[in-house]
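Student: Pasting a structure here, questions to come.
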Amino acid sequence: MTDPAVKVDRLEKTLQTNKVLRGISFEAGAGEIFGLLGPNGAGKTTTLRVICTLLAPDAGSVGVLGYDTRTAPQEVRRRVGVVTAEFGVYPRLTARENIAYFAELSGVTNGQLDRRVDAVMERLDMGSFARQRAESLSSGQKQKVAIARAIVHDPPVLMFDEPTSNLDVLASREIRQFMVESKGRGKCVIFSTHVLHDAERLCDRVTIIHQGRVVASGTTAEVRGGFQDLEDSFLSLVEAAR
Amino acid sequence: MSSLAIVFRKEILEILRDRRTLIAVGLAVLATPTVLFVISQVSTRTATQTYTAGYSGDIPAGLDILFNATGLKLEPVADPPAAAKQRVDIGLVFSPAGIDEYYDPARQSAQIADIRLQTIVGKYDEAKVAATLQQKGIDPSVLNPLPLNVHPLSSPVKAAGNAFLSFFLPYILITMSLTGGLSAALDTSAGERERRTLESLLLTPAPRGQVLIAKILAVSLLSLVAAVAAIGSMLFALSHISFGLSGGQEAHVGLSPLAATVMVWLAILLAGSFSSLTIALGTLARNFRQGQAYATPLYFITIFPASIVLFIPDFNPSVAYYVIPILNAVLVLRDAIVHNSVSWAPLVVTSASLLVTGSLCFYAALRLFTREALLVRS
């Protein structure tokens with residue numbers, strides 16, 4: 001891997017009285033899907049929130065394309081797109097207006113706005129509901145709006161936090177295809193999930209965290225080791241960490 | 001376009017598409033004229049209505065003419081005290097020794113009939129005494145050794161109208177400045193959190209301070225429009241309806257340009273403060289419903305000072321009282337309406353007080369809006 005797009009170094013974070021991250025380190029590069037795996041409550045979402053500057057680290061550091069999240073949070077936000085399971089959209093705005101709003105806030109200029117919004121809607125096949133108010137969209141359509149608003153400013157780093165947990169089979173497959181497609185476009189894709197089957201199929205490299213600590217890291221094949229699949233390896237690692 | 005302008009435009013668009021907010025503002029605008037129309041009808045009817053006095057005994061000569069002229073209809077009854085309980089408004093027993101009056105103070109019609117009776121009897125006594133004195137060759141003015149001649153410097157009818165405005169208008173201004181934008185404030189703070197859009201918004205490079213200012217400006221604009229529209233509709237209604245006053249006079253109520261200017265200035269200051277405060281409270285809440293629970297005490301906190309002129313019409317405090325937010329707006333507006341003039345000291349103190357209050361509310365909102373707990377709790 002050349003220079004990492006995202007570099008997390010000995011990250012620590014306490015939320016209220018709960019020490020959630022206890023020295024997490026990993027690197028994710030451009031043109032790869034990097035899996036951040038772990039059981040519920042392991043610290044995956046907190047890690048992503050620190051990377052995208054929603055939370056400040058207590059100790060350690062996070063760099064995104066050379067920008068430190070502490071000293072240049074706005075530069076980091078310009079270069080990151082985040083998709084979560086909670087695809088909240090503004091119900092009284094149309095699908096297109098939702099996307100355009102985030103595009104403008106992310107710095108897409110007026111001259112490029114229509115072209116950029118149209119392009120991303122075409123890419124996600126959203127033409128049929130572009131002018132429909134978001135309150136009347138299906139879950140899958142709302143998820144597409146959420147993805148579109150996360151990528152409309154063409155960020156080099158994309159983060160997916162349990163993106164398929166509220167979706168049906170078809171919509172989930174579209175998300176997975178989208179991640180693969182983004183990797184093909186040279187994006188750094190960080191995929192946080194506890195669905196190990198998805199991770200095994202999609203990820204080039206993975207890091208498994210448990211109780212705020214990294215318990216395994218490497219290529220998917222390396223982490224799987226001698227086990228039949230990633231799930232067996234994961235269970236073994238988590239059990240050993242207890 | 002700056003982040004502030006982008007967020008402001010989007011908030012206004014959402015407000016304009018929010019049926020709940022628009023209906024609330026529309027109802028508020030229509031409610032005041034409706035209430036005033038009903039009050040007008042009732043007061044006019046009360047002023048012109050004839051009340052019934054059930055009587056027994058012989059009516060002194062000439063008194064019946066005064067009764068008819070004052071809207072009291074005389075009706076003979078067998079038992080005036082019993083009749084005064086239900087059938088007639090007051091019961092009267094005429095005897096050579098005088099008049100015995102029976103009335104139930106719990107009945108409003110009885111109260112009005114009683115007041116009219118006092119007026120009639122007072123005039124009758126005056127006329128009778130004057131006639132007796134004249135018969136004896138004495139000038140009746142001897143009974144009034146120090147005559148009082150009253151010269152009103154302004155129209156008493158207009159003064160009555162201003163008095164009405166001075167307690168009604170500040171009340172509407174304050175309640176509408178608070179409630180006009182409340183729904184939008186909670187929607188853009190607690191609602192944003194509840195819909196899970198807050199995290200996405202904070203992920204953009206837009207500075208959080210600008211995002212917050214845009215939200216406050218949008219809510220302030222709505223509050224301002226709601227307050228001005230409610231007052232405008234009230235003034236429009238007042239210019240088309242009249243209130244019956246005693247003596248057959250009718251009061252038409254209007255607002256002077258000075259009072260209107262002061263009102264708009266105060267509305268701007270109040271709308272800014274209330275918007276910051278309600279957005280701060282909404283930011284504390286996890287959802288719209290919780291936000292409403294947090295905001296409910298504001299009604300009671302604001303309504304008391306807003307109503308003070310109603311309870312103490314002649315409340316003329318020192319300038320120090322003008323430091324108290326809301327109360328100061330009520331007092332300044334009352335002065336502008338009643339006296340059609342504004343003293344600089346109270347206006348400056350009031351403006352400074354409301355600006356400081358607004359700044360503190362904004363600071364609180366900013367602190368709440370930029371803390372990590374905002375996202376962790378959600």
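The values are calculated or read from the model by the stated rules, or taken from the named source; none is laboratory data. Predicted model only: the values in this text are computed from it and were never measured. Counting neighbours? That spans all protein chains shown, and the Cβs are built from the backbone with ideal geometry, glycine included. Note: areas computed on protein heavy atoms with side chains; ligands, DNA, RNA excluded. Shrake-Rupley method; radii C 1.70, N 1.55, O 1.52, S 1.80 Å.
Student: Among DSSP bridges having both ends in the protein assembly as shown, what percentage is antiparallel? Round to the nearest 5.
Tutor: 50 percent
Student: Around A:G81, under 11 Å between beta carbons, what's the net of Lys plus Arg minus Asp minus Glu among the other residues?
Tutor: +4
Student: Above 35 Å lies some portion of the pair distances; for chain B, what is it as a whole percent of all C-alpha pairs?
Tutor: Across chain B, Cα pairs with separations above 35 Å total 46 percent.
Student: Modelling each spin label as a point 7 Å along the Cα-to-Cβ direction, I'd like the A:A221/B:A345 distance in nm, to one decimal.
Tutor: 8.9 nm
Student: Here's a follow-up. Taking +1 at the Cβ of each Lys and Arg and -1 at the Cβ of each Asp and Glu, which of B:A97, A:A85, B:P156 sits farthest along the dipole of the protein assembly as shown towards its positive end, judged by Cα position relative to the Cα centre?
Tutor: So the residue furthest toward the plus end is A:A85.
Student: Mean Kyte-Doolittle of at least 0.5 plus a Cα span of 15 Å or more along the axis: flag which DSSP H helices in chain B meet both, please.
Tutor: B:3-16, B:19-48, B:156-179, B:208-240, B:257-284, B:288-311, B:327-339, B:344-369
Student: Continuing with the same structure: Hey, what's the per residue convex hull volume over the C-alpha atoms of the range A:27-115, in cubic angstrom?
Tutor: Residue-normalised Cα hull volume stands at 146 Å³.
Student: What is the Å³ per residue value for the convex hull set by the Cα atoms of the range B:113-260?
Tutor: Residue-normalised Cα hull volume stands at 179 Å³.
Student: Could I have the simple spin-label model distance between B:D104 and B:Q86, label points 7 Å from Cα toward Cβ, reported in nm to one decimal?
Tutor: The modelled label-to-label distance comes out at 0.9 nm.
Student: Within the range A:77-176, list the trypsin sites (Lys or Arg not before Pro) lying in a DSSP loop whose Cβ has at most 15 other Cβ atoms in a 10 Å radius.
Tutor: A:R131
Student: Now, a different point. Placing unit charges on C-beta atoms (Lys and Arg positive, Asp and Glu negative, everything else neutral), compute the dipole magnitude of the protein assembly as shown about its Cα centre in debye, rounded to 20.
Tutor: For the protein assembly as shown, the charge dipole is close to 1260 debye.
Student: Give me the percent of the accessible area of the protein assembly as shown that comes from carbon and sulfur atoms, probe 1.4 Å, all protein chains in place.
Tutor: The nonpolar share, carbon plus sulfur, comes to 57 percent.
Student: For the range B:247-370, report the % of Cα-Cα distances exceeding 21 Å.
Tutor: Here the long-distance tail beyond 21 Å is 47 percent of all Cα pairs in the range B:247-370.
Student: If we count every other residue with Cβ under 13 angstrom of A:E181's Cβ, Lys/Arg +1 and Asp/Glu -1, where does the sum land?
Tutor: Spelling it out: positives minus negatives among the neighbours equals +4.
Student: Let me ask something else. With only alpha-carbon atoms counted, please give the Rg and Dmax of the protein assembly as shown, in Å.
Tutor: 37.0, 135
Student: What number comes out for the charge environment of A:V20, summing +1 per Lys or Arg and -1 per Asp or Glu over other residues with Cβ under 13 Å away?
Tutor: +3
Student: Which of B:L333, B:L186, B:I39 sits farthest toward the positive end of the charge dipole of the protein assembly as shown, with +1 on the Cβ of Lys and Arg and -1 on the Cβ of Asp and Glu?
Tutor: Looking along the dipole axis, the top candidate is B:L186.
Student: Which links in A:K19/A:K187; A:K13/A:K44; A:K44/B:K215 stretch past 21 Å when you go from one Cα to the other?
Tutor: Table pairs above 21 Å Cα-Cα are A:K19/A:K187; A:K44/B:K215.
Student: Assuming a strict under-25 Å limit between Cα atoms, what lysine pair count do you get for the range B:72-208 once near-sequence pairs (fewer than 8 apart, same chain) are dropped?
Tutor: Close lysine pairs found across the range B:72-208: 5.
Student: Once you keep just the Cα pairs under 8 angstrom separated by 6 or more residues, what percentage relative contact order results for chain B?
Tutor: RCO, chain B: 20 percent.
Student: Throw me the Rg/Rh for the range A:84-242, computed over C-alpha atoms with Kirkwood Rh, two decimals.
Tutor: Checking Rg against Rh, the ratio lands at 1.05.
Student: Other chains' Cβ within 10 Å of A:100-109 residues: what's the mean?
Tutor: 5
Student: Can you check how the C-alpha radius of gyration of the range B:1-137 compares to 2.2 N^0.38 Å, as a plain ratio?
Tutor: Normalised Cα radius of gyration, the range B:1-137: 1.95.
Student: To continue, here is another question. Between A:D154 and B:I23, take the C-beta separation as r, use R0 = 51 Å, and let me know the FRET efficiency to the nearest 0.05.
Tutor: 0.80
Student: Compute the accessible area per residue over the range A:32-86, keeping the other protein chains in place, probe 1.4 Å, unit Å².
Tutor: 33 Å²
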